[in-house]
Amino acid sequence: MRIQQLRDLLEYVANCRLDMAQLYGRLNNQADSARVKMMLDYFESHQKTMAEKLRDYMEEAPHRILDTWYKDFTFEDFTKRCQDIMLPANMNEDDVLNLHLDLENRLIGLLEKTVNSTTAEDARNALANLIRVEKTQQQRLVHSTIRMDDI
């Protein structure tokens, strides 16, 4: 994926979140374990919510930030990655959590790579705040997942 403006990046990340939600829905249909299905439902819902929040942010963000340009910035085909992922029907909670963290960390890494190549201070600050929110959400999600073990 070639990214030219910050708005392209944010739209791409929102779409990646929806790709993850579709992946979790597909894996849910294949999973044997009720606990794994519950976890996948939770992850699917969370990704849809995160995509929606990111799009809401884009509607409210100043155009001067969203219009920040990047030169020759590329990222992997995340949609294909999500489509190619297969887990066995007997997948467990750790398999799903590890998969989720891998995908989340790839998106956070993309944002970190972008913030490091951003020269406009207001765009850097916006991206840094977004990274902070992403990491906080990831920590909360992991804590919620761990609490599911207590059920």
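Please tell me if Thr79 is under 20 Å from Tyr12 (Cβ atoms) and over 14 Å from the mean Cα position of the chain (by Cα). It is false that Thr79 is under 20 Å from Tyr12 (Cβ atoms) and over 14 Å from the mean Cα position of the chain (by Cα). Quick one: in region 88-116, of everything that is of a type in the set (Val, Ile, Thr) and in contact with a Leu (Cβ under 8 Å, 6 or more places away or on another chain), which residue is surrounded by the fewest Cβ atoms within 10 Å (Cβ to Cβ)? My answer is Val115.
State the number of residues belonging to region 60-94 that are under 20 Å from Ala120 (Cα atoms) and in a helix (DSSP H, G or I).
Within region 60-94, the subset under 20 Å from Ala120 (Cα atoms) is 60-74.
If we keep only those that are in a helix (DSSP H, G or I) as well, we get 60, 63-66.
So the answer is 5.
Among Thr136, Thr119, which is more than 13 Å from Val13 (Cβ to Cβ), part of a loop (DSSP other than H, G, I, E, B) and open to solvent by 30 Å² or more (accessible area, probe 1.4 Å)? It would help to see each step written out before you state the result.
On the way: Thr136 fails: part of a loop (DSSP other than H, G, I, E, B).
When all the criteria are applied, what remains is Thr119.
Here Leu66 passes the criteria (1) under 26 Å from Val142 (Cβ atoms); (2) of a type in the set (A, V, I, L, M); (3) at pLDDT below 95 except the one numbered (1).
Selection of first residues in region 102-129 that are free of Cβ contacts under 8 Å to residues at least 60 places away in the same chain and under 18 Å from Phe78 (Cβ atoms) and of second residues that are among the charged types (D, E, K, R) and surrounded by 14 or more Cβ atoms within 10 Å (Cβ to Cβ), restricted to Cβ pairs under 7 Å at least 6 apart or on distinct chains, gives the following pairs, ordered by first then second residue: Ile108/Glu134; Ile108/Lys135. A Cβ distance below 8 Å, combined with a sequence gap of six or more or placement on separate chains, defines the contacts here; from region 64-87, residues that are open to solvent by 90 Å² or more (accessible area, probe 1.4 Å) reach residues that are not in a helix (DSSP H, G or I) in the pairs Trp69/Gln4; Trp69/Gln5; Asp72/Arg2. Pairs meeting the criteria (first residue in region 37-48 and open to solvent by less than 60 Å² (accessible area, probe 1.4 Å), second residue among the acidic types (Asp, Glu), beta carbons under 9 Å, at least 6 apart or on different chains) are Met39/Glu93; Gln47/Asp19.
The values are calculated or read from the model by the stated rules, or taken from the named source; none is laboratory data. All values derive from a computational prediction rather than experimental measurement. Glycine gets a Cβ as well: all are built from the backbone with ideal geometry, and neighbour counts include every protein chain shown. The accessibility values were calculated without ligands, DNA or RNA, using every heavy atom of the protein model including side chains. Shrake-Rupley method; radii C 1.70, N 1.55, O 1.52, S 1.80 Å.
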